[in-house]
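Below: the structure, in structure tokens.
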Amino acid sequence: MAKNEPQKIAKLVKSLAAIFLIVAASVGGTLFYSTRAGQTASSDKAAPEPKPETAAKPIFTPLEPFTVTLRTERNNRILYVAITLRLEDEPSRRLIVEYMPEVRDRILRVLSEQKADHVQTPEGRASLVALIKEKIEEPYLPQPQGPGINAVLFTAFVIQ
């Protein structure tokens with residue numbers, strides 16, 4: 001059995017060498033490809049992809065309903081409007097709440113200047129929204145800047 005033993009040892013050494021070469025090739029290939037992928041990823045970091053913006057919760061501020069008399073050539077009509085403001089940010093909401101009497105006065109002045117026939121049309125309502133938005137966004141003294149308004153929403157609109 002002395003003759004078989006060196007052959008067994010030689011086979012064992014050859015098997016271990018083959019296993020070592022396979023493992024070394026696998027590790028080398030993995031490192032090669034992972035460093036190339038890392039270089040590609042780092043070059044992607046130079047020009048980062050824009051992150052999808054998370055939608056901020058809307059800030060709505062409902063106002064007490066408005067009732068105004070619209071004068072016409074033939075008779076008087078009553079306009080009842082409930083308005084909710086969609087604001088850009090929290091400072092705008094605080095400004096609206098703090099200056100609410102002035103906000104309401106500005107809106108009442110705009111509403112009372114309207115013609116009943118005009119505000120009953122879609123175009124008339126759209127122009128009314130633009131006028132209200134413009135008036136509310138004007139600065140409230142002594143503030144240097146008015147609130148940011150995203151939308152003026154009618155939650156009730158009745159003409160009688």
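The values are calculated or read from the model by the stated rules, or taken from the named source; none is laboratory data. As the structure is a prediction and not an experimental result, all values here were calculated from the model. Every residue, glycine as well, gets a Cβ built from its backbone with ideal geometry; the counts of neighbours run over all protein chains shown.
A few comments on the model shown:
- Region 139-151 residues that are under 20 Å from LEU128 (Cβ atoms), paired with ones that are among the hydrophobic types (A, V, I, L, M, F, W, C) (beta carbon under 6 Å, 6 or more apart): PRO147/LEU95; PRO147/ILE96; ILE149/LEU85; ILE149/ILE136
- Test result for ILE59, in contact with a Leu (Cβ under 6 Å, 6 or more places away or on another chain), surrounded by 13 or more Cβ atoms within 10 Å (Cβ to Cβ) and at pLDDT 65 or above: yes
- Of the residues making up region 68-88, those that are loosely packed, with under 14 Cβ neighbours inside 10 Å, without any contact (Cβ under 8 Å) to a residue 60 or more places away in the chain and touching a strand residue (DSSP E or B) at 6+ places or on another chain (Cβ under 7 Å) are THR69, ASN76.
- Screening the candidates ILE78, ILE159, ILE83 for the property of being under 25 Å from PRO58 (Cβ atoms) and among the aliphatic types (A, V, I, L, M) yields one hit, ILE83.
- Number of the condition not met by THR155 [criteria: (1) part of a loop (DSSP other than H, G, I, E, B); (2) exposed (fewer than 13 other Cβ atoms within 10 Å of the Cβ); (3) of a type in the set (Ser, Thr, Tyr)]: (1)
- Any hit, region 131-138, residues being among the acidic types (Asp, Glu), in contact (Cβ under 8 Å) with a residue 40 or more places away in the chain, surrounded by 13 or more Cβ atoms within 10 Å (Cβ to Cβ) and not in a strand (DSSP E or B): no
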